[in-house]
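Everything on this sheet refers to the single structure shown next.
The values are calculated or read from the model by the stated rules, or taken from the named source; none is laboratory data. Predicted model, so just to flag it, every value in this text is computed and none were measured. Cβ atoms come from the backbone with ideal geometry, glycine included; neighbour counts cover every protein chain shown.
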Amino acid sequence: MRRLALCLLLAGCGGTRPPAAALPDPTEALPAYGEPALQLYLVLTADAAAMQGKPAVDAMWKAVNGEGARYAPIRQRVQWVPGDYQVDVALDFADLPHPAFSAQKLGPMLADLPPAVRAQAEEAKLAVVVRSATTTLPRGDHIRLAGLAALYAADSSDGVILDLLARRAWTRDAWAAELGAERLGPDQVRLTSRADGADRWLLTRGNPKYGAPDLQMRGVKAADVPAARARFAAVQRALVERGGRPGDVIAGETLGPCDAPKGLHDAACVQIPAP
């Protein structure tokens with residue numbers, strides 16, 4: 001992949017709902033990055049020169065600052081940031097097709113898009129990676145700020161946005177509506193379900209965006225799935241709101257170390273026992 005030589009910093013000016021119903025886990029591994037990322041977005045576009053050049057980068061930062069009718073209402077949703085707060089965004093580029101972003105890996109994430117938008121994503125020539133380690137803010141407002149960078153990249157190149165941490169694809173207008181809502185919605189985190197022998201394995205994707213570990217529950221019997229989800233949701237809400245680590249007791253559950261193998265889930269995670 002090609003990387004923009006400049007890591008961009010900008011001085012800032014300044015509880016979510018539980019995740020949606022469990023879906024099949026679409027991918028097992030993210031592209032490897034040597035630097036931490038609380039947010040990792042992929043903008044798929046047919047524009048092979050998207051976001052490459054100082055004018056495009058300057059325009060992106062204007063969007064993050066809320067300049068323009070499309071971006072101002074989103075920026076106004078950010079209620080408070082410390083005086084020395086910085087928004088950290090770096091851009092990487094991958095010419096498509098690319099092994100890290102193969103159709104096999106990305107296809108399941110695109111499945112819920114409208115057919116025309118899915119076709120547009122599948123025919124993309126460039127992947128713009130928007131990576132941010134921006135410090136968390138109350139209400140997930142740091143997601144709105146870095147998310148504005150991804151939105152501008154997609155707007156300026158007629159692109160499709162993929163949230164690689166939550167494994168979810170967004171149209172440009174859907175992402176703008178999400179960022180501009182009074183509260184960020186449950187789709188910021190994805191609850192996935194995969195086979196665990198004869199049982200089910202529940203695992204969230206996306207909690208690291210809030211500075212919290214993802215949550216897993218293994219060995220859930222089919223008959224116990226409804227009860228498991230209720231317990232899972234209670235702990236999940238608390239994790240996003242307050243964080244947690246192995247040994248902590250949250251919503252009556254003792255958090256344990258996560259045993260997901262490396263490559264399946266490389267971010268921080270904790271687990272609670274199945275019913």
Lone qualifier among ARG118, ARG194, ARG172, ARG139 - being among the charged types (D, E, K, R) and under 22 Å from ARG245 (Cα atoms): ARG139
Qualifying residues in the stretch 189-212 (those that are outside any strand (DSSP E or B) and under 25 Å from the mean Cα position of the chain (by Cα)) - the one surrounded by the fewest Cβ atoms within 10 Å (Cβ to Cβ): GLY211
Of the numbered conditions (1) charged (D, E, K, R); (2) crowded, with 19+ Cβ neighbours inside 10 Å; (3) touching a helix residue (DSSP H, G or I) at 6+ places or on another chain (Cβ under 8 Å), GLU122 fails exactly one; give the number of that condition. (2)
Might you let me know whether the stretch 210-228 holds any residue that is touching a Lys or Arg at 6+ places or on another chain (Cβ under 6 Å) and either at pLDDT 90 or above or in the same structural domain as LEU165 (by TED's automatic domain parsing) (or both)? yes
By residue number, the members of the stretch 87-115 that are part of a helix (DSSP H, G or I) and among the aliphatic types (A, V, I, L, M) are ALA100, ALA103, LEU106, MET109, LEU110
So ALA177 passes all but one of these: (1) modelled with pLDDT of 95 or more; (2) part of a helix (DSSP H, G or I); (3) surrounded by 18 or more Cβ atoms within 10 Å (Cβ to Cβ); (4) not hydroxyl-bearing (Ser, Thr, Tyr). Which condition number does it fail? (3)
Exactly one of (1) of a type in the set (D, E, K, R); (2) in a helix (DSSP H, G or I); (3) in contact with a Leu (Cβ under 7 Å, 6 or more places away or on another chain) is unmet by ASP141. Its number? (3)
ALA50 - would you say it is within 19 Å of the chain's Cα centre (by Cα), crowded, with 18+ Cβ neighbours inside 10 Å and among the small types (Gly, Ala, Ser)? no
How many residues are charged (D, E, K, R), touching a strand residue (DSSP E or B) at 6+ places or on another chain (Cβ under 9 Å) and within 30 Å of TYR71 (Cα to Cα) when one looks only at the stretch 178-213? 5
I'm checking my understanding of the structure. Among residues of the stretch 213-247 that are in contact with a helix residue (DSSP H, G or I) (Cβ under 9 Å, 6 or more places away or on another chain) and in a loop (DSSP other than H, G, I, E, B), which one is nearest to ARG183 (Cα to Cα)? GLY243
Test for THR171: is it of a type in the set (Ser, Thr, Tyr) and at pLDDT 95 or above: yes
Tell me whether the stretch 223-232 contains one or more residues that are surrounded by 20 or more Cβ atoms within 10 Å (Cβ to Cβ) and under 27 Å from LEU137 (Cβ atoms). yes
